Amino acid sequence: MQDLPLSTEQEEQAQAIYSRLKERFDSEALRLARLMASKDDGHLLGDTEFQVRDRVHGLGAQVLQIALDERKKGGTKVPAPIVHAAGKRRAALAIAKKRSRR
């Protein structure tokens, strides 16, 4: 996979996410290496594949959570637009009048 071209702001965000992830990645890589070293040739596939996949999926879930946390920290750059309350729809008003006449 090629590196994505990022704006300066995006690169800053990527570096912040990476700094929070690298320790977790390193410790998980060591756990995976120990798992693989503990298996003999006959047990590298099968159940071990699922153990590795589960650990990598768990790491991926942490990546997503950290990315979400980093975005929450940054907040929004501009204030949210003002939204006016919707008035009653004319069709709904006409139906309500018909029902009240019954």
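The values are calculated or read from the model by the stated rules, or taken from the named source; none is laboratory data. Treat the numbers as computed from the prediction; the structure is a model and nothing was measured. Neighbour counts are summed over all protein chains in view; Cβ atoms, including those assigned to glycine, are modelled from backbone coordinates with ideal geometry.
Remarks
- Residue match in the stretch 27-42 (condition: basic (Lys, Arg) and modelled with pLDDT under 90): no
- Within the stretch 1-32, the set of residues being over 24 Å from LYS72 (Cα atoms) and part of a helix (DSSP H, G or I) comprises ASP26, SER27, GLU28, ALA29, LEU30, ARG31, LEU32.
- Among the residues of the stretch 43-54, the ones that are surrounded by fewer than 12 Cβ atoms within 10 Å (Cβ to Cβ) and either modelled with pLDDT of 95 or more or in a helix (DSSP H, G or I) (or both) come to 6 in all.
- Selection status of GLY60, under 26 Å from SER19 (Cβ atoms) and modelled with pLDDT of 90 or more: yes
- The listed residues are ALA96, ALA80, and the only one of them that is outside any loop (DSSP other than H, G, I, E, B) and either modelled with pLDDT under 90 or hydroxyl-bearing (Ser, Thr, Tyr) (or both) turns out to be ALA96.
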